[in-house]
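*Asks:* Quick one: this structure, given as C-alpha coordinates, is what I'll be asking you about.
The values are calculated or read from the model by the stated rules, or taken from the named source; none is laboratory data. In this text the structure is predicted, and so the values were computed from the model without any measurement. Cβ: placed from backbone, ideal geometry, glycine included. Neighbour counts: every protein chain shown. Ligands, DNA and RNA are stripped out before the accessible areas are found, and what is left, the full protein with its side chains, is counted by its heavy atoms. Shrake-Rupley method; radii C 1.70, N 1.55, O 1.52, S 1.80 Å.
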Amino acid sequence: FKAPSRDHPALYRELLRTNRVHWIAEEPPAELVREKMMECHFRFRHQMALVPCVLTLNQDGSVWVTLVKPARAITPGQFAVFYKGDECLGSGKILRMGPSVYTLQQGKNREESPKKEEIDKMEPAT
(Lines give C-alpha, C1' and ligand atoms only; values in the text may rest on other atoms or scores of the structure.)
Protein backbone atom coordinates (compact mmCIF):
# COMPACT_ATOMS: atom_id res chain seq x y z
CA PHE A 1 0.00 0.00 0.00
CA LYS A 2 1.36 3.40 -0.96
CA ALA A 3 -0.35 6.30 0.77
CA PRO A 4 -1.11 9.39 -1.33
CA SER A 5 0.80 11.65 1.09
CA ARG A 6 3.19 11.54 4.07
CA ASP A 7 0.33 12.46 6.40
CA HIS A 8 -2.39 10.19 5.01
CA PRO A 9 -4.54 8.66 7.80
CA ALA A 10 -3.61 5.17 6.57
CA LEU A 11 -0.09 5.74 7.98
CA TYR A 12 -1.34 6.35 11.54
CA ARG A 13 -2.04 3.70 14.21
CA GLU A 14 -3.12 3.91 17.83
CA LEU A 15 -2.89 0.24 18.82
CA LEU A 16 -0.07 -2.27 18.56
CA ARG A 17 1.03 -5.54 20.14
CA THR A 18 4.57 -6.53 21.07
CA ASN A 19 6.14 -9.90 21.68
CA ARG A 20 7.15 -10.78 25.26
CA VAL A 21 8.58 -7.57 26.74
CA HIS A 22 12.16 -7.55 28.02
CA TRP A 23 11.88 -5.58 31.29
CA ILE A 24 15.08 -3.93 32.54
CA ALA A 25 14.11 -4.86 36.12
CA GLU A 26 13.53 -8.47 34.94
CA GLU A 27 9.90 -8.30 36.08
CA PRO A 28 7.04 -6.19 34.73
CA PRO A 29 6.39 -3.06 36.85
CA ALA A 30 4.31 -3.87 39.96
CA GLU A 31 1.52 -1.51 38.87
CA LEU A 32 1.21 -3.33 35.53
CA VAL A 33 1.08 -6.74 37.23
CA ARG A 34 -1.46 -5.55 39.82
CA GLU A 35 -3.77 -3.50 37.58
CA LYS A 36 -3.09 -5.35 34.28
CA MET A 37 -2.85 -1.83 32.78
CA MET A 38 -0.44 1.06 33.23
CA GLU A 39 0.06 4.53 31.80
CA CYS A 40 3.55 5.28 30.55
CA HIS A 41 5.33 6.62 27.45
CA PHE A 42 6.75 4.88 24.43
CA ARG A 43 8.80 5.48 21.32
CA PHE A 44 9.70 3.25 18.37
CA ARG A 45 12.37 5.39 16.73
CA HIS A 46 15.50 6.60 18.48
CA GLN A 47 15.03 10.36 18.03
CA MET A 48 11.24 10.55 18.22
CA ALA A 49 9.39 12.32 21.03
CA LEU A 50 7.89 10.14 23.74
CA VAL A 51 4.21 9.31 23.17
CA PRO A 52 1.80 8.79 26.11
CA CYS A 53 0.25 5.32 26.07
CA VAL A 54 -1.49 2.66 28.13
CA LEU A 55 0.04 -0.80 28.35
CA THR A 56 -2.20 -3.85 28.81
CA LEU A 57 -0.33 -6.94 29.99
CA ASN A 58 -1.14 -10.25 28.28
CA GLN A 59 -0.68 -13.63 29.98
CA ASP A 60 2.22 -14.52 27.65
CA GLY A 61 4.20 -11.44 28.74
CA SER A 62 3.42 -9.46 25.58
CA VAL A 63 1.61 -6.12 25.82
CA TRP A 64 -1.02 -4.24 23.88
CA VAL A 65 0.02 -0.59 23.56
CA THR A 66 -2.82 1.92 23.18
CA LEU A 67 -1.53 5.35 22.16
CA VAL A 68 -3.16 8.52 23.46
CA LYS A 69 -2.94 9.88 19.91
CA PRO A 70 -2.11 7.99 16.74
CA ALA A 71 1.54 7.75 15.66
CA ARG A 72 2.82 7.67 12.08
CA ALA A 73 4.63 4.84 10.29
CA ILE A 74 4.80 2.19 13.00
CA THR A 75 6.02 -1.05 11.41
CA PRO A 76 6.18 -4.66 12.62
CA GLY A 77 9.77 -5.58 13.48
CA GLN A 78 10.54 -2.22 15.09
CA PHE A 79 11.04 -2.13 18.85
CA ALA A 80 8.65 -0.34 21.18
CA VAL A 81 10.60 1.10 24.13
CA PHE A 82 8.68 2.02 27.28
CA TYR A 83 9.46 4.80 29.78
CA LYS A 84 8.07 6.01 33.11
CA GLY A 85 9.42 9.52 33.62
CA ASP A 86 13.13 9.36 32.71
CA GLU A 87 13.39 5.65 33.49
CA CYS A 88 13.53 3.13 30.65
CA LEU A 89 11.28 0.23 31.68
CA GLY A 90 11.99 -2.16 28.83
CA SER A 91 11.17 -2.97 25.23
CA GLY A 92 9.39 -5.42 22.98
CA LYS A 93 9.38 -6.10 19.27
CA ILE A 94 6.24 -4.87 17.50
CA LEU A 95 4.41 -7.90 16.10
CA ARG A 96 0.97 -6.63 15.14
CA MET A 97 -0.85 -3.37 14.74
CA GLY A 98 -4.46 -2.36 15.12
CA PRO A 99 -6.39 -0.77 12.26
CA SER A 100 -5.13 2.47 10.75
CA VAL A 101 -6.88 5.77 11.45
CA TYR A 102 -7.99 5.65 7.80
CA THR A 103 -9.62 2.22 8.30
CA LEU A 104 -11.32 3.43 11.48
CA GLN A 105 -12.63 6.52 9.62
CA GLN A 106 -13.89 4.24 6.84
CA GLY A 107 -15.77 2.16 9.43
CA LYS A 108 -17.50 5.29 10.73
CA ASN A 109 -18.44 6.28 7.17
CA ARG A 110 -19.40 2.78 6.00
CA GLU A 111 -23.00 3.79 5.17
CA GLU A 112 -21.74 6.36 2.67
CA SER A 113 -18.27 5.93 1.24
CA PRO A 114 -16.32 9.20 1.25
CA LYS A 115 -15.58 10.90 -2.05
CA LYS A 116 -11.97 11.57 -3.03
CA GLU A 117 -12.37 15.28 -2.18
CA GLU A 118 -13.46 14.37 1.37
CA ILE A 119 -10.49 12.04 1.87
CA ASP A 120 -8.16 14.79 0.68
CA LYS A 121 -9.66 17.15 3.30
CA MET A 122 -9.27 14.73 6.25
CA GLU A 123 -7.04 16.20 8.92
CA PRO A 124 -4.56 13.62 10.25
CA ALA A 125 -3.25 13.84 13.79
CA THR A 126 0.26 15.28 13.90
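*Asks:* Exactly which chymotrypsin sites (Phe, Trp or Tyr not before Pro) in the stretch 1-90 are in a DSSP loop and have at most 13 other Cβ atoms within 10 Å?
*Replies:* Counting only loop positions with at most 13 other Cβ atoms within 10 Å, the chymotrypsin sites (Phe, Trp or Tyr not before Pro) in the stretch 1-90 are Phe1.
*Asks:* If packing is taken as the mean number of other Cβ atoms within 10 Å per residue, what is the order of 27-33, 87-93, highest first?
*Replies:* 87-93, 27-33
*Asks:* Same structure, new question: On average, how much accessible surface per residue is there in the stretch 9-105, in Å², for a 1.4 Å probe, leaving out ligands, DNA and RNA?
*Replies:* 55 Å²
*Asks:* Report the percentage of all Cα-Cα pairs in the stretch 9-105 whose separation exceeds 17 Å, rounded to a whole percent.
*Replies:* Tail fraction, whole percent: 44.
*Asks:* Tally up the carbon and sulfur contribution to the accessible surface of the stretch 9-105 as a whole percent, 1.4 Å probe, everything protein left in place.
*Replies:* Answer for the stretch 9-105: carbon and sulfur cover 54 percent of the accessible area.
*Asks:* While we're on this one: Amide H neighbours of Leu89 under 5 Å, counting only residues 5+ apart in sequence or on other chains, H built in-plane at 1.01 Å?
*Replies:* Phe82, Tyr83, Lys84
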